[in-house]
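*Asks:* One structure is given below, represented as structure tokens, and several questions about it will come after.
The values are calculated or read from the model by the stated rules, or taken from the named source; none is laboratory data. What you are looking at is a predicted structure, and each value in this text was computed from that prediction instead of being measured. Using ideal geometry, Cβ is built from the backbone for each residue, glycine included, and neighbour counts are taken over all protein chains shown. In case anyone asks, the SASA skips ligands and DNA or RNA and just uses the protein heavy atoms, side chains included. Shrake-Rupley method; radii C 1.70, N 1.55, O 1.52, S 1.80 Å.
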Amino acid sequence: QRRVLDEIRADLAGTVPMRRLVQGDVGAGKTAVALVACLAAVSAGGQAALLAPTELLARQHAQVGAQWCARAGVRSALLTGAAKPRERAELARRVALGEVDIIFGTHALLSDSTSFPRLRLAVIDEQHRFGVHQRLALGEKGEAVDVLVMTATPIPRTLVLTYFGDMDVSTLREKPAGRKPVDTRALPVERI
């Protein structure tokens, strides 16, 4: 993880916006890498947004992120389509005023009503579950936004982008110390 974090820190410090794919197995630490990158963007005076394809995954990121943010004195929030209209409007207002440093969310982050005064980093988890325009839309909510995409399963289009130099690649090959092995099982249909 240290090598990948060093690559991301160098990208964030550079003059050209980052376009980096972080790939690694489930449990390899992609979320931890993304959170460190988000905190680095905030410490540089910016905001960060982490886009997840499902509400469940966005909530998981927000829970873990809230713990990290609390320790760092960083303000975070969660925005999903399930939020009531009044809640969404209030949160969008706070984000637009810069009162939220890191926002976790689903497609609701892409809506026209969500704007960022100083978006520095856009993180897209499970990037293969978003269309090309959706992935670009979050980065276009700011100027010279660094973009970090994460996946456990890169799709052919992503591999072509990395091959032709439009995206740098970092691979997490080892799992963090103490991580339990992933247990994948097939369940009978009646148990699902």
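*Asks:* Round to a whole number: what % of the accessible area of region 9-65 belongs to carbon and sulfur, probe 1.4 Å?
*Replies:* That share works out to 58 percent.
*Asks:* Can you compute the FRET efficiency between THR15 and GLU90 using 1/(1 + (r/R0)^6), with r the Cβ-Cβ distance and R0 = 45 Å? Round to the nearest 0.05. Don't jump to the answer; show the numbers that get you there.
*Replies:* Values: r = 36 Å, r/R0 = 0.81.
Efficiency for this residue pair is about 0.80.
*Asks:* Moving on to the next point. For a bin width of 10 Å, list the pair-distance distribution of region 1-66 built from all Cα-Cα distances, rounded to whole %.
*Replies:* P(r) for region 1-66, in whole percents per bin: 18, 53, 27, 2.
*Asks:* Next question, about the same structure. Binning at 10 angstrom from zero up to the longest distance, how are the C-alpha pair distances of region 1-126 distributed in percent?
*Replies:* 13, 47, 34, 7, 0
*Asks:* Can you figure out the FRET efficiency of GLU143 with VAL64, using R₀ = 30 Å and their beta-carbon distance, to the nearest 0.05?
*Replies:* Details: r = 29 Å, r/R0 = 0.95.
Working from the Cβ atoms, E equals 0.55.
*Asks:* Relative to the compact globular guide of 2.2 N^0.38 Å, what is the alpha carbon radius of gyration of region 71-129, as a ratio?
*Replies:* After normalising by residue count via 2.2 N^0.38 Å, the value is 1.11.
*Asks:* So, in nm, how far is label ASP112 from label ALA152 when the simple model puts each one 7 Å beyond its Cα toward the Cβ?
*Replies:* 3.7 nm
*Asks:* Also, quick follow-up: Need one number: nm distance between label points at THR184 and VAL169, each 7 Å from Cα along Cα→Cβ, rounded to one decimal.
*Replies:* 1.9 nm
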